[in-house]
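Some notes on the structure that comes next.
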There are 2 protein chains.
Amino acid sequence: MEKLTPRQKKVLEFIIGCLDEQGYPPTLRDIAGYLKVSGTFGIMKHLDALERKGFIKKHSGTSRGITLTLPPSRSISLPIVGAVRAGSPHPAVEDIEGFFSIDQSQLKSGASFFLRVKGDSMINDAILEGDLALVRSQAGAENGNIVVATLDGEATLKRYYRLKDYICLRPANPNYDDIIIREGTGKEISIIGRVVGIYRSL
Amino acid sequence: MEKLTPRQKKVLEFIIGCLDEQGYPPTLRDIAGYLKVSGTFGIMKHLDALERKGFIKKHSGTSRGITLTLPPSRSISLPIVGAVRAGSPHPAVEDIEGFFSIDQSQLKSGASFFLRVKGDSMINDAILEGDLALVRSQAGAENGNIVVATLDGEATLKRYYRLKDYICLRPANPNYDDIIIREGTGKEISIIGRVVGIYRSL
DNA sequence: TGTTGAGGTTGTCTTATGATAACCAAAATA
DNA sequence: TATTTTGGTTATCATAAGACAACCTCAACA
């Protein structure tokens, strides 16, 4: 990465600070005020330099149109949902009980969220009550995947198997029975997503 | 948290999406365009409602002056170590096999790192081979804590119990025996840290 | 049945903000 | 020494964008 002049570094630091503290980028005049200079022309040149050196991206014509190209953090903040509703592929806002950051490497594609695990039906797969399951939203699954599915309006965490003429949701706990869904029996199953990670706080 | 109308929810989701994708909040007209309505007045009322219900904060008089009150929690990048060396409280640089970000909330105090779990000795505590154990460096532990300890130069993950005249390191697997360390028997134990979290990638 | 609130429209006003011109000065560099 | 780069000034302009007035519709509700 190309080197920055001290002045350019100050500008970049200010932009990062703004994003951190107020949640949106500064205007040219905000930056000018911080540097105690007047006018916006010098600032534009700084931004041009920062863009040329690959630190930021300017979005011409939009106010506060500055984004960092530097990986600001190698992580992404995802909502923790306490419950999943039948039918909706994305978690409802009112079910969000907080946010939790996770390494970007865990997010291959598609929308993801954390689901707070309830019950002990997956105990033999080392998934305990209270764990955070990282769920990647997807409508289908491969055999053997651990999925979040809604069945008659209730959400469950189970292993998924699609067989000849029925679908099997298998718990990882001998105290629970397989759930068998045959076509045309009125039972409605819809897959919300696949579990791709587990986080437990001890 | 107060309930949102479907329309307000769409607005909130759009704002979150903008922040996620472009790095800065939308303008009133951006939101209007997304909702396919004309004019900005309706949008202002939505934002007022969202602010009244505590979901966002408006910064009057500034363009794109919207911030989420739900604070996206920050995260910290920690080293993943594949092995722990006896004696050294901090993992050696040469043992670092990568970095992994985790939510700041998991880091109460002190230096921490991830340890790649080897073996199945903690299987009944739902800790599997290959899991990442979040370890907080500390020299002592409470009874019952899961700790990383080095014993005669080898690192292990076990539950820790300090009894009258000996220390017990107990696996969570019936196939393994307790490790008993009595004072003055030449066995050297040192506690590297306590396991405060587990992450598993599926 | 009247009232309230969510949701929307058109239009206007003002300010915030990006873009740019014309020019200056010091420092680094060929 | 000539030239480029960095960093800056004072202007001006067009437009992006927030604020708001006046008014409309519809559903929920006591």
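The values are calculated or read from the model by the stated rules, or taken from the named source; none is laboratory data. On a predicted model such as this, the values are computed, not experimentally measured, just so you know. Cβ coordinates were reconstructed from backbone atoms using ideal geometry, including for glycine residues, and neighbour counts include every protein chain displayed. Accessible surface areas use protein heavy atoms only, side chains included; no ligands, DNA or RNA. Shrake-Rupley method; radii C 1.70, N 1.55, O 1.52, S 1.80 Å.
For the stretch B:167-188, backbone nitrogen atoms closer than 16 Å to the point 7 Å from residue B:129 Cα along Cα-to-C-beta are found at B:172-176. Charge tally for residue B:167 (other residues, Cβ to Cβ under 12 Å; Lys, Arg +1; Asp, Glu -1): +3.
Determine the relative contact order of chain B: mean sequence separation of Cα pairs under 8 Å and six or more apart, normalised by residue count, in whole percent. So the answer I get is 15 percent. Heavy-atom accessible area, probed at 1.4 angstrom with all protein chains present, ranks A:14, B:41 as B:41, A:14, highest first. Summing both sides, how much accessible area is buried between B and A? Use a 1.4 Å probe and give Å² to the nearest 100. Approximately 3300 Å² gets buried when B meets A.
Expressed as a fraction of 2.2 N^0.38 Å, the C-alpha radius of gyration for the stretch B:6-68 is 0.98. Projecting the Cα atoms of A:18, A:180, A:96 onto the charge dipole of the protein assembly as shown (Cβ charges, centred on the Cα centre) puts A:18 farthest toward the positive pole.
Starting from the Cα of residue A:202, step 7 Å toward the Cβ, then list every residue of the stretch A:105-139 with an amide N under 17 Å from that point. Zone members listed by number: A:126-132. Local charge for residue A:199 was computed over the other residues whose Cβ lies under 9 Å away, with Lys and Arg +1 and Asp and Glu -1, and equals 0.
Counting only protein heavy atoms and using a 1.4 Å probe, the accessible area of residue A:60 comes to about 120 Å².
Annotation for residue A:105 and residue B:182: the two label points, set 7 Å from Cα along the Cα-Cβ direction, are 4.5 nm apart. Electrostatic tally near residue B:27: other residues with Cβ closer than 10 Å to its Cβ, Lys and Arg +1, Asp and Glu -1, net +2. In the assembled protein chains, residue A:187 presents an accessible area of approximately 100 Å² (probe radius 1.4 Å). Between A:104, A:138, A:22, the Gaussian network model of chain A with springs among Cα atoms under 10 angstrom shows the greatest mean-square fluctuation at A:22.
Largest GNM mean-square fluctuation across B:172, B:32, B:126, computed for chain B with C-alpha springs under 10 Å, falls on B:32. For residue A:36, go through the lysines and keep the ones whose alpha-carbon is under 21 Å away, minus same-chain ones fewer than eight residues off. Output for residue A:36: A:9, A:10, A:45.
Spin-label model, residue A:69/residue A:40: points 7 Å from Cα along the beta carbon direction are separated by 2.3 nm. Estimated at the nearest 10 Å², the accessible area of residue B:59 is 60 Å² with a 1.4 Å probe.
Full extension of the chain segment joining residue B:139 with residue B:9 gains 42.0 nm, where the gain is 0.36 nm per residue of separation less the Cα-Cα distance. Structure remark: mean-square fluctuation, Gaussian network model of chain A, C-alpha springs under 10 Å; the largest value among A:112, A:38, A:190 belongs to A:38.
Scaled against the 2.2 N^0.38 Å expected of a compact globular protein of N residues, the Cα radius of gyration of chain B reads 1.52. Helical runs (DSSP H, four residues minimum) scored at -39500 (n - 2.57) apiece and divided by the length of chain A put the mean residue ellipticity at 222 nm at -5500 deg cm²/dmol. Restricting attention to the protein assembly as shown, close to 95% of DSSP beta bridges with both partner residues there are antiparallel. Computed log10 I(q)/I(0) for the protein assembly as shown at 0.06, 0.08 Å⁻¹: -0.34, -0.58, from the Debye equation with unit scatterers placed on every C-alpha and solvent omitted. Other protein chain C-beta atoms within 10 Å of residue C-beta, averaged over B:118-129: 2.
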